[in-house]
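Undergrad: First, the structure itself, so that you have it in front of you.
The values are calculated or read from the model by the stated rules, or taken from the named source; none is laboratory data. All figures in this text were calculated on a predicted structure; none of them were measured in a lab. Cβ: placed from backbone, ideal geometry, glycine included. Neighbour counts: every protein chain shown. Surface accessibility is based on the protein's heavy atoms, side chains included, excluding ligands, DNA and RNA. Shrake-Rupley method; radii C 1.70, N 1.55, O 1.52, S 1.80 Å.
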Amino acid sequence: MRVPMIAGNWKMNTTVGEAVGLVNEMRSRLDKIDNVDKVICPPFISLAAVGELIKGSSIKLGAQNIYFEERGAYTGEISPLMLADLCQFVIIGHSERRQYFNETGDIINKKIQAVLRVGLKPILCIGERLEENEAGRTEEVITEQLNLSLAGIDSLGGLIIAYEPVWAIGTGKAATGKQANNTIGFIRQTISQKYGKRIAQDLRILYGGSVTADNIAEFINQPEIDGALVGGASLKATEFLSIVKQTSEIKGCLSREA
Ligand code: PGA
């Protein structure tokens, strides 16, 4: 059985003070929700402070980006070595990084390799743009993104994939549960062809894009969807708690039925 996961991507929001406030608001309630991996991904500058606050709890920490070199003259960058003892997960290849920071498949591939090398778990984001979706090219785009991102990687470590259709991110226009389930099923099938059935069955694949407390159930009820990468709604303690709680309850029921 795959353990479901809800990861909150705070993006470029919260000062250190605000990050601490948000964690304090939800820490004890979040800690108590079981059967689901709870990951929060604040900005780099808040990782240490948040890490201290959640120490000893069941809440896990992730970063939103990384540079692929270990050290050196790369002004302003953060290396895998620096993150290795601060957090467990790193979001890689988010569509905002592809769009605004020109991240290519090759860069994403190097970042994944760098993250795996230090024992961190990448959360690899893939997804098609609106015009690609409308042209019926979703599977083609996904296949290409997977091929480029995972080129030369023999062992996926604890890699997690987040399927995030670009047209659904921050737009309030989420995919339907069925649409997301179909594409995620296709991703699993592609991984199965590359890495074998067993690896594909164990791989956690999340949905992301305008997930809220009101629509999470629609996604979590789908058999291929193992959780969500949540942006905007992860900045509101009550809403994030509700998303995590519903995930725990629904997946708990589904696994008892299975
Ligand atoms: P959103 O963002 O939930 O605000 O749409 C999701 C993401 O970018 O991971």
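Undergrad: Of all residues in the range 125-138, which are more than 25 Å from Gln113 (Cβ to Cβ) and either within 16 Å of the ligand (Cβ to nearest atom) or outside any loop (DSSP other than H, G, I, E, B) (or both)?
TA: Arg129, Leu130, Glu131, Glu132, Asn133, Glu134, Thr138, listed by residue number.
Undergrad: Just checking, does the range 10-18 include any residue being within 14 Å of the ligand (Cβ to nearest atom), closer than 17 Å to Leu229 by Cα and of a type in the set (Lys, Arg)?
TA: Yes, the conditions are met somewhere in the range 10-18.
Undergrad: Mind listing just one residue for me: the one in the range 14-46 that is open to solvent by 70 Å² or more (accessible area, probe 1.4 Å), out of contact with any Lys or Arg (no Cβ under 9 Å at 6 or more places or on another chain) and of a type outside the set (Ser, Thr, Tyr) and, of those, nearest to Arg256 (Cα to Cα)?
TA: Among those that are open to solvent by 70 Å² or more (accessible area, probe 1.4 Å), out of contact with any Lys or Arg (no Cβ under 9 Å at 6 or more places or on another chain) and of a type outside the set (Ser, Thr, Tyr), it is Asp34.
Undergrad: Let me ask another. For the structure I just gave you, tell me whether Gly62 is touching a Ser or Thr at 6+ places or on another chain (Cβ under 7 Å), open to solvent by less than 20 Å² (accessible area, probe 1.4 Å) and either modelled with pLDDT of 95 or more or of a type in the set (D, E, K, R) (or both).
TA: no
Undergrad: Look through Leu146, Leu130, Leu159 and report the one residue that is touching a residue at least 12 places away in the same chain (Cβ under 8 Å) and open to solvent by 50 Å² or more (accessible area, probe 1.4 Å).
TA: Testing whether each residue is touching a residue at least 12 places away in the same chain (Cβ under 8 Å) and open to solvent by 50 Å² or more (accessible area, probe 1.4 Å) leaves just Leu130.
Undergrad: Something else about it: Out of the helices (runs of 4 or more DSSP H) lying entirely within the range 1-89, which hold 3 or more residues that are β-branched (Val, Ile, Thr)?
TA: The helices (runs of 4 or more DSSP H) meeting that bar are 16-32.
Undergrad: Hey, any hits in the range 151-170 for a residue that's in a helix (DSSP H, G or I) and more than 14 Å from the ligand (Cβ to nearest atom)?
TA: Within the range 151-170 (the criterion being in a helix (DSSP H, G or I) and more than 14 Å from the ligand (Cβ to nearest atom)), the answer is no, since none of the residues qualifies.
Undergrad: Evaluate the following for Tyr74: is it under 24 Å from Ala19 (Cβ atoms) and open to solvent by 10 Å² or more (accessible area, probe 1.4 Å)?
TA: Here the answer is no, as Tyr74 does not meet what is asked.
Undergrad: Sticking with this structure for a sec: Could you list, in sequence order, the residues of the range 95-120 that are within 25 Å of Ile54 (Cα to Cα) and surrounded by 20 or more Cβ atoms within 10 Å (Cβ to Cβ)?
TA: Val115, Leu120, listed by residue number.
Undergrad: Cβ-Cβ under 8 Å, sequence separation 6+ or interchain: first residue in the range 88-112 and free of Cβ contacts under 8 Å to residues at least 24 places away in the same chain, partner buried (at least 22 other Cβ atoms within 10 Å of the Cβ) and of a type in the set (Gly, Ala, Ser). Which pairs?
TA: Glu103/Gly93
Undergrad: With respect to Leu86, is the statement that it is touching a Lys or Arg at 6+ places or on another chain (Cβ under 8 Å) and open to solvent by 40 Å² or more (accessible area, probe 1.4 Å) true?
TA: Judged against the criteria, Leu86 is not a match.
Undergrad: Follow-up question, since we're still on this one. Hey, can you tell me all the residues within the range 48-99 that are under 27 Å from Ala168 (Cα atoms) and hydrophobic (A, V, I, L, M, F, W, C)?
TA: Result: Ile59, Leu61, Ala63, Ile66, Phe89, Val90, Ile91, Ile92.
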